[in-house]
1. Given V46, V69, Q34, which one lies farthest toward the positive end of the charge dipole of the range 24-72, if we put +1 on the Cβ of every Lys and Arg and -1 on the Cβ of every Asp and Glu?
2. Please tell me the relative contact order of the chain in percent, rounded to the nearest whole number, where contacts are Cα pairs under 8 Å and at least six residues apart.
3. Hey, of (1) 35, 24, 13; (2) 40, 25, 17; (3) 110, 13, 6, which did the structure itself give for Cα extents along the principal axes in Å when calculated?
4. So, counting K/R as plus one and D/E as minus one, what does the shell of residues with Cβ under 14 Å around E12 add up to?
5. When ranked by the protection proxy of mean other Cβ atoms within 10 Å per residue, highest first, what sequence do the peptides 33-46, 8-21 form?
6. Give, rounded to the nearest 20 debye, the magnitude of the charge dipole that the chain has about its Cα centre when Lys and Arg contribute +1 at Cβ and Asp and Glu contribute -1 at Cβ.
Amino acid sequence: VIQINFEEFDLEIGYDTLTIGDGGEVGDPRTVLQVLTGSFVPDLIVSMRSQMWLHLQTDESVGSVGFKVNYK
């Protein structure tokens with residue numbers, strides 16, 4: 001399995017999102033584990049499989065710090 005641990009997290013609410021999915025098919029809505037936005041640092045996220053995907057969607061209006069993540 002894969003474990004993702006966020007140290008920092010700050011994305012513009014409603015405009016910037018980080019979607020995390022389980023498996024190798026990026027963007028597959030059936031495999032979405034979490035959709036994250038805002039400034040709350042998420043809890044540990046653990047995959048069910050040996051692959052995980054992350055998709056960052058953002059716009060150009062407001063810049064935020066972003067996120068810092070570790071995985072194992």
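1. Sorting the options by dipole projection puts first V46.
2. 52
3. Derived directly from the coordinates: (1).
4. Residues near E12 contribute -4 overall.
5. Final packing ranking: 8-21, 33-46.
6. 360
Every number in this text was worked out from the coordinates using simple rules, so none of it is lab data. These figures come from a predicted structure and were not determined experimentally. Ideal geometry is used to build each Cβ from the backbone, glycine not excepted, and the neighbour counts take in all protein chains shown.
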